[in-house]
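Q: Mind having a look at this structure? Questions to follow.
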Amino acid sequence: MVDNLQGTVALITGASSGIGQASARRLAAAGASVAIVARRTERLEELADELRASGSTVLTVSADLTDADAATDAVERTVSKLGRLDTVVNAAGLMLNGPTAELTLDDWDRMIDINLRGLLHVSKVALPHLLAAAQQEPRKVADLVNISSVAGRFAAPGTAGYNATKFGVTAVSEALRQEYAKEHLRVSVVEPGRVDTELFDHREGSAEDFEAMFGKIEPLRASDIAEAVATIVTSPRRSAINEIVIRPTEQF
């Protein structure tokens, strides 16, 4: 695998499972030092042991990113311990879909807190560090990659709260892209369809609701999304991949 992220540092949220975990593996394999962030400390340590055994430099940060102070600490610890910050992958997410009458306001609030507010907390405090890295060797470009969803492009019954958060992720990504493009901070959004992760375990019946809508299809793997993230981050400085929509082949 090409080691073209040597000398750079990546912070990945939601790294205890799914897309975040796969992205940490992929960016570490490309040569980046990685700060892996999530709430589940034991899982972070297991991933850290795995990556260190392969020769990667890893910092674990146990944090609830819905807390602005915790998000600030995660970013500042990364810069303090690893020396810089070139890449942020916001992969932490929560999906609580189902009939709107059965969902609670707390369900919606939790999705807003994790999917949108946590992403904003991390992005805001990371911006000055990313902008600084974009002016430095070895790459003279920095990346903020936000994991949204096809639910951030297309609304559907039973997904109103999730749609609201993921439309928000897609919108803030595009606004930041326009704001910082001239400073070589690339802001990208990845919008997956059905992926085989724990996301569908967050609310009982979510997988069945998806199958009722789309039928039984072969889902994407988290590693497929991580490969899309790596494509964005390892692109040459002159090339900005603004948006990737990636679905299972059978998903319409």
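Just so it is clear, none of the values below were taken in a lab; they were calculated from the coordinates. The structure presented is a predicted model; accordingly, all values stated were derived computationally and were not measured. Cβ coordinates were reconstructed from backbone atoms using ideal geometry, including for glycine residues, and neighbour counts include every protein chain displayed.
Q: Using only alpha carbon positions, build the gyration tensor of the range 23-71, then give the equivalent ellipsoid semi-axes as the square roots of 5 times its eigenvalues, largest first, whole angstrom.
A: 21, 11, 7
Q: Can you tell me, using C-alpha contacts under 8 Å and at least 6 residues apart, the relative contact order of the chain as a whole percent?
A: 19 percent
Q: Further question: For Asp73, put the label point 7 Å out on the Cα→Cβ axis and report which residues of the range 1-41 keep their amide N under 12 Å from it.
A: none
Q: Per 10 Å bin, what is the whole-percent P(r) computed from every C-alpha pair distance within the chain?
A: Taking all Cα pairs of the chain, the binned fractions are 8, 34, 37, 17, 4, 0 percent.
Q: How far is helix 160-180 tilted, in degrees, relative to the longest principal axis of the Cα atoms in the chain, given as a value from 0 to 90 rounded to the nearest 10?
A: That works out to roughly 30 degrees.
Q: Which percent of Cα-Cα pairs in the range 21-168 sits in each 5 Å bin, short to long?
A: That works out to 2, 10, 17, 20, 19, 14, 10, 6, 3, 1, 0, in percent per bin.
Q: Let me ask another. Arranged from highest to lowest average of other beta-carbon atoms within 10 Å per residue, in what order do the peptides 29-35, 233-239, 101-107 appear?
A: Ranking the peptides 29-35, 233-239, 101-107 by packing returns 29-35, 233-239, 101-107.
Q: Okay, moving on. Among 150-162, 81-93, 172-184, how do they line up from the highest to the lowest mean number of other beta-carbon atoms within 10 Å?
A: Order by mean packing, descending: 81-93, 150-162, 172-184.
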